Amino acid sequence: MIDPEREKIESIFEAMIDGVYVIDADYIMNYMNKVMVKAFGKGIGKKCYQVLFGKGEACAWCRAKEVFAGKSIRWEHCNKKLGRTYDIVEFPLKQSDSAIYKVSIYRDITQSKKREEKIRASEDDYKRLFENVGCGVYISSRKGKFLDANKALLDMLGYERKEEFLKIDIAKDLYLRPEDRRKFQEIIERDGKVINYEVEYKRKDGMPIPILHTGHVRYDQDGKVLGYEGINVDQSQRKQMERELK
């Protein structure tokens, strides 16, 4: 005789896009939905660790005891046998015969993990470029504070600590002539960028330094100006050569 309760539960599991399997307290596979069978093959009546991992004994990382004790858990696991990564949700299921089973829902997150790895790799590449490029790179707010800057910019302007540099007022402490800051903002916000913009900054000790600046506007999702980012190239050597030629 078919158990109506079990049939109802299994119909729900079959409709899911995730893999689902159910084991009893002896680790025997009592049920696998079609997604799980497609990924791991038919395994009803076999031990779960045999079906999922090709092992002869319970896995060292197995958390079945927690579930059979009444706990619902969520964890992530990389199945090296298949080369897939799964987000796993497990919970106890009590049947009408009072027996307790462990339900495991396997969501394949392999592709999203690969995308995350690519993003992390891109971020690492960006960070290396940001820190190692020979010119001064910065990110600033519209109101006139630096949000980040690389070591080359700190060295160029005579600052030893980034924490100190991020506190300066850009118009007052960076520009030799504060009105040049307003002119820069008018141009970059009008055009969205500036290319080879010549301006004079001042170092921490107050000495002027000629700069060639290229940058663009940073916008928020609504198109409002958040600030600016760009690169600064020290023109001191070029200016000196020009004076000598004259």
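The values are calculated or read from the model by the stated rules, or taken from the named source; none is laboratory data. Keep in mind it's a predicted model, so treat the numbers as computed, not measured. Here the Cβ is made from the backbone with ideal geometry for all residues, glycine too, and neighbour counts use every protein chain on show. Ligands, DNA and RNA are stripped out before the accessible areas are found, and what is left, the full protein with its side chains, is counted by its heavy atoms. Shrake-Rupley method; radii C 1.70, N 1.55, O 1.52, S 1.80 Å.
Data for the structure
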| item | result |
| --- | --- |
| Strands (runs of 3 or more DSSP E) contained entirely in the stretch 85-197, each with at least 2 residues that are open to solvent by 40 Å² or more (accessible area, probe 1.4 Å) and more than 30 Å from Asp26 (Cα to Cα) | 146-149 |
| Number of positions in the stretch 193-215 that are within 28 Å of the chain's Cα centre (by Cα) and over 21 Å from Ile168 (Cα atoms) | 1 |
| Residue check for Val20: of a type in the set (Val, Ile, Thr), closer than 30 Å to Glu117 by Cβ, open to solvent by 30 Å² or more (accessible area, probe 1.4 Å) and not in a loop (DSSP other than H, G, I, E, B) | no |
| In the stretch 26-35, the residues that are open to solvent by 40 Å² or more (accessible area, probe 1.4 Å) and either more than 16 Å from Ile9 (Cα to Cα) or in contact with a strand residue (DSSP E or B) (Cβ under 8 Å, 6 or more places away or on another chain) (or both) | Asp26, Tyr27, Ile28, Asn30, Val35 |
| Qualifying residue in the stretch 205-228 (condition: part of a helix (DSSP H, G or I) and either under 30 Å from Thr85 (Cα atoms) or open to solvent by 40 Å² or more (accessible area, probe 1.4 Å) (or both)) | no |
| Filtered residues of the stretch 36-73 (kept if closer than 14 Å to Val20 by Cα and open to solvent by 50 Å² or more (accessible area, probe 1.4 Å)) | Lys38, Lys42, Ile44 |
